[in-house]
Each structure stands twice: as structure tokens, then as C-alpha cells.
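The values are calculated or read from the model by the stated rules, or taken from the named source; none is laboratory data. Owing to the predicted nature of the structure, the values given are computational and were not obtained by experimental measurement. No Cβ is skipped: glycine too gets one built from the backbone with ideal geometry, and neighbour counts run over all protein chains shown.
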Amino acid sequence: MSNLFTYTIRIADSALILGQRMAEWCSNGPTLEEDIALSNISLDLFGQANGFYEYAAQINGEKSADELAFTRNEREFFNYQLVEQTNGNFGKTIVRNFLYDSFIFLFYTELANSSDERISALAAKSIKEVKYHLRHSKNWLIRLGDGTDESNKKVQDALEELWQYTGELFEMDTIDTELMKKNIAIDVSKLRPKWNEMIDSTLKTAKLNRPEDGYMASGGKKGIHTECLGFLLAEMQFLQRAYPNAKW
Amino acid sequence: MGENTIVWEVFIQSKNGLAHKHVGNVHATDKVMALENARDLYTRRNEGSCIWVVKAKDIVSSESEDSEAFFDPSNDKIYRHPTFYNMPDGAKHI
Amino acid sequence: MSDKIFQEKIDAEKKIEPKDWMPEGYRRHLVRQISQHAHSEIIGMQPEGNWITRAPSLRAKMILLAKVQDEAGHGLYLYSACETLGVTRDELIQQLHDGNAKYSSIFNYPALSWADMGAIGWLVDGAAIVNQVSLQRTSYGPYSRGMIKICKEESFHQRQGYEIMAEMAKGTPEQKEMAQDALNRFWWPSIMMFGPQDSDSPRTGNAMKWKIKRQTNDELRQSFIDKTVPQAEVIGLTIPDPELKWNEKRGHYDFGEMDWEEFWNVVNGHGPCNKQRLAHHKRAHDNGKWVRNASQAYAQKQEKILKS
């Protein structure tokens, strides 16, 4: 596996897994309007995943975009653990997405300068989408944080629960550093100060407290996941696995 | 939405330079949400370049029983239309 | 007097608008029909929503999600149209939860295989489109405008389903079997979507006179069957009706008798998924209550800040 392939597929995996989580909201939203909004986000994410998988398929040449999505095992998925976390209540979904949206917005903004033209173009297209996602999750976080006591508690609890998955977002490994030398990859560790600013200012407006940095989970980039990813994949990949020779 | 949330009427400008046109409504508790809900519902197929939302209760409408008094009096003012006027044969650009 | 003017307006093909005078029966009929239509869109999200997370390709996943999302949007357009008659969406949802409002019985059948996504799109949306195209000319302005918008957006829905069926019908033997099985299960419920036969449909009279409905149940059903039978032939699937036969003289297909006992059973709440669908809707609604409360509380706080 080339570094470029792995790098591309990591981006695609996070988009796909979060898209799948958001799709689970369909017909379960707190309002009809919100149901539609959540589906829109999901559709954007599937589109992003598809774009990066297609590029990955081209780099590697062994598996098609769909095969990459539907026939790899848990250990071969390289998404961040944050995005695989279950939806929980609407507040938990909003917190998870806000933490991720803030990060991925900064990420794509930098990645748009990548020396790899395909990656740069895919990132540039994605910026617009995640900018809207961030707007959506941020506005909801503020409403829920500064809504009722009940809603404040729910999102604060979710923050405490999910905070451990934010450390991983800024980790670098050899694939990152190798590709950085060619100006293909970006230095995610450098995104942290800006991310901190975004998080802190929104949490303040939302009347929420930033959790302490305690234990931080890690491993998504290496294919180490929390238990919930396996169930997600089992559901998502069922048809492709059950009928390996079929076209749909 | 629910529990007496506010109804907002939605107006979309489909292309820069055109007038905003009424497309329907959304429910939302605040104006930011109203705008986002309108965006998500009414511009899924590339229909928009600008959105207005306005609380439905703030719209003042004429009543149907007044429609004769309101609109019929303009029926006979045909001199307001350019076709009312006799132009000499051969006159152009007027 | 008003009744006479109203009917003259209807006969002259003029649209009735929210602020116009209308007979109470007309309003009641509209609220019932439009809300039933809206609830059908919303409950109809469930059988398909159930397969989004299992769709077999990225393309299929995106298409299905976009389609189910459209259904949410269409439900919303219809709730809006209904609200112009002086009923709030909350009241309509309440009626649904209380069992006082109905939705299309077709959604009380389970979606059991991926081929069902094909059958639902092709047959259920196909039947709905025949009905909705006709309703674009309905006499109530907001309903008619809603229908026009919905028809425009739904044009891809049926194609999406038919494409799935076509692909599966020419796929592996297992896929073809799934496709035929889905057709077998959804054919009769689909043609029953048009409601009882005209001879047993008590409300059709006024609805036709008021031009709320523009064609009768039987006319719409026939039109759907005539369109669909050749489509099944093209992809090599068999419609499960041994009596189905082209009638040269009528210029239509003759078809077999529908199982009306089953129809009324499902309408009256005894279908395979009636309880499940309603429970799902209630659960989502209840789970969202704290969110709705919070956003309302937030808006009130903001307003207070603005005023002070």
C-alpha cells in the first residue's frame, strides 16, 4: 500500500463512517426540518467519501471505490474513532459533529493547498460543505447548551464522553510526515491552536465547560477502533458480503 | 416542528438579478434556524442564490372579500398600457 | 348563496385560495385528504429508510437517501398546504398519533429485501405519481401548487426503483428471484393504493363535484396498470395476476379481483407493520421533545436579551 493510497483512504473512511452515522438519523430527527438537514449532511459526506475512494482506487488499482467501502474489514478502516461513535441522543450527535466539523474544516482548508492536484481539488470542494456542517452543528450546540437545564446537561455529558476522541485528530505518523515532505499531506498538529480557539469560543457562547484533557484514545489511523465500528460495518456491508458476485 | 413553533414564509431568489419568489414555509424557533431550514428544504436542487425568511404572522394580506374594491377599479384605466395609444404608421423605436 | 358562487367558481376551473369562502364539508374533506397524504409521505420514509444503511453501493446509498429526504420535504409541503386551512402541524401529528388520521396502507407492509427498494420505487411511487399528476389540477390552490412541486421533484423516484428492478432482473439467479418476490409481494398492495372501487367509495361524489379529486379511483388504477404491465415485460418479470390480459375492445388491461378483506384489515390497523410504523413515529417525536423545548427556550432568552 502506498502512502498516498493510505492517506487518501483515511480521509474517505472518516467521511463514509460519519455519513453512515448521519444516515441513521433518517426518519428519526427531532423535527421534520431537522431530519432533512441531517440527511443533507449525510449526502455531502457520502459524496466526499466517494470522491476520495475513487482517487484511492485509481492509485491502487486493485479495488473499486465501492469495494473499498464495502469489502474491507474493521482493521482495514482508518477513520478517526470520533466519527464512528454512536449517535446517541441528538445532543451527542451535535457534539460529535461539532468537534469533528471544527477540525475537518481546518483540515480541508489546509489540504486545499496540497501539491497533489486531485487531493487539492477534492479538499476545495469539501470545504464549502463542511463549512455549512460546522455552521449547523455550532448553532445547534449553542441552542442546546443555552437552552434548558436538561439540554445543557445532555450536551455537557456528551462533551465529557466524546472528549477523549479528540486527541487523535492532531496525531501525526510516518505516512503524514513522508507525504508532508512532498507537500501532499498537511501537518495536523499545527491545526490545534485554531481548533482550540474555535472550540473555546463556541463552548463559552453555549454556556458549556471544556472538559479536562485526560485519557486520550488513539488508533483509528492504524485500524484500531472502538467496538461500535464492527456493528456499523456489519450492517453497511451486508449485501456486498452476502452476494459477492452480484452487481446492484 | 412542534409545540407552537413559529411559521416562516420562504422567498427564494433563484438567480442573481431576479426577484425573490415565494416558495412555501418552514417551522423554526429562531431566524437562524429558519434560514437554515429553508436552505435545506427549498434549495436541494440548486434553486437558490439568496433566501429571505419572514414570520408568517408579520405578513399583511388583502382579504378576498375586498378584492373587487381593491382590484377592479384599475380595469378601465387602459391608458396605463402602451397598446392604448395610436402610433402613426412607420414610427419606430417608440 | 355562497354555496352557489363557490360551485360556479369550481365549475369555471378557478382555484380556491385560503382566504376564500368555502363550504365546511370542502374544508373538512381537504384537511382529511391532504393530511393523510402528508402522513403517507412521512410514514413512507420508514420502509425505505430501513435500507439506507444497508444499500449495496455508494451510489445506491446516496440515491435512496436523497429520495427518502425528498419524502420528508414533500410531507412538509403538504403539512404547509394543510396549515393554510387553519390546522396546525402539531394538531395533525396529534391526530396521526391518536389514530384519528390515516396514511396510505401500503407502508404497513414490510420492506424485506433490497429488491423491495426497487418494487417500492417502481410500483408504490409509480402509483402515487399517477394520483399526484391528477391532483395537480385539484381545486384548492395551495394543494395544487404543492402537487406541482412534488411531481416535479418525484420524477426521479420511480426511475430509481425501476432501475434497481431492471438491474436485479438481469443479475444473478438469486437477484432475479428477489426481484420477482418483491413484485409478487408489492403488486396487489400497490394497486389497492388507489382505494376502494368507485362503487364502494362513498366520498368520491363530493370530491369529484368539488374537483378536489379529478379522476376516480378506478380510472387512476386502470391508468397505472396500463402503464406498468409493459414495464414489467421489458425487464422480464411476471405480474402475479393470472387474469391480467389486454382487452382490445376496451383499450385497457383486464385484471383480477383484489382481496378487499385484506385491504380493509390493513386500513383498520391489522397490517403487518401498522403498530411498528406508528410507534417509530411517536418514538422519534418523543425523543425530540427536549430538543424542541431547548431551542424554544433559547429563542426566548435571545428575545429577552434583544429587548433589554
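Of the helices (runs of 4 or more DSSP H) lying entirely inside the range C:133-209, those containing at least 1 residues that are among the aromatic types (Phe, Trp, Tyr) span C:141-169, C:173-192. When A:Ser2 is tested against (1) closer than 22 Å to C:Arg54 by Cα; (2) among the polar types (S, T, N, Q); (3) away from every other protein chain (no Cβ under 14 Å), only condition (1) is not met. Residues that are polar (S, T, N, Q), in contact (Cβ under 8 Å) with a residue 40 or more places away in the chain and in contact with an Asp or Glu (Cβ under 8 Å, 6 or more places away or on another chain) within the range A:139-183 comprise just one, A:Asn152. Within the range C:4-31, residues that are farther than 26 Å from C:Leu96 by Cα have Cβ atoms under 7 Å from residues that are surrounded by fewer than 15 Cβ atoms within 10 Å (Cβ to Cβ) and of a type in the set (A, V, I, L, M, F, W, C) in these pairs: C:Phe6/C:Trp21, counting only partners at least 6 apart in sequence or on another chain. If you go through the range C:82-119 and keep only what is more than 14 Å from chain A (Cβ to nearest Cβ), in contact (Cβ under 8 Å) with a residue 12 or more places away in the chain and part of a helix (DSSP H, G or I), you end up with C:Gln95, C:His97, C:Ser105, C:Ile106, C:Asn108, C:Ala119.
Results for (1) buried (at least 24 other Cβ atoms within 10 Å of the Cβ); (2) among the charged types (D, E, K, R); (3) at pLDDT below 95; (4) not in a helix (DSSP H, G or I), shown as yes or no for each residue.
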{"residue": "A:Thr86", "(1), (2), (3), (4)": "no, no, no, yes"}
{"residue": "A:Gly91", "(1), (2), (3), (4)": "yes, no, no, no"}
{"residue": "A:Asn97", "(1), (2), (3), (4)": "yes, no, no, no"}
{"residue": "A:Leu106", "(1), (2), (3), (4)": "no, no, no, no"}
{"residue": "A:Ser126", "(1), (2), (3), (4)": "yes, no, no, no"}
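For the range A:164-174, the count of residues that are surrounded by fewer than 16 Cβ atoms within 10 Å (Cβ to Cβ), within 14 Å of another protein chain (Cβ to nearest Cβ) and part of a helix (DSSP H, G or I) is zero. Does A:Gln20 count as assigned to a helix (DSSP H, G or I), touching a Lys or Arg at 6+ places or on another chain (Cβ under 9 Å) and closer than 28 Å to B:Arg45 by Cα? Yes, satisfied. Whether a residue is among the small types (Gly, Ala, Ser) and either within 14 Å of chain C (Cβ to nearest Cβ) or under 25 Å from A:Asp200 (Cβ atoms) (or both) was assessed, and A:Ala65 passes this test. Taken together, the residues in the range A:34-46 that are facing chain C (nearest Cβ under 7 Å) and either acidic (Asp, Glu) or out of contact with any Phe, Trp or Tyr (no Cβ under 9 Å at 6 or more places or on another chain) (or both) amount to 4. Report yes if some residue within the range C:99-113 is modelled with pLDDT under 95 and more than 15 Å from the chain's Cα centre (by Cα); otherwise report no. Yes, there is a match, as at least one residue in the range C:99-113 is modelled with pLDDT under 95 and more than 15 Å from the chain's Cα centre (by Cα).
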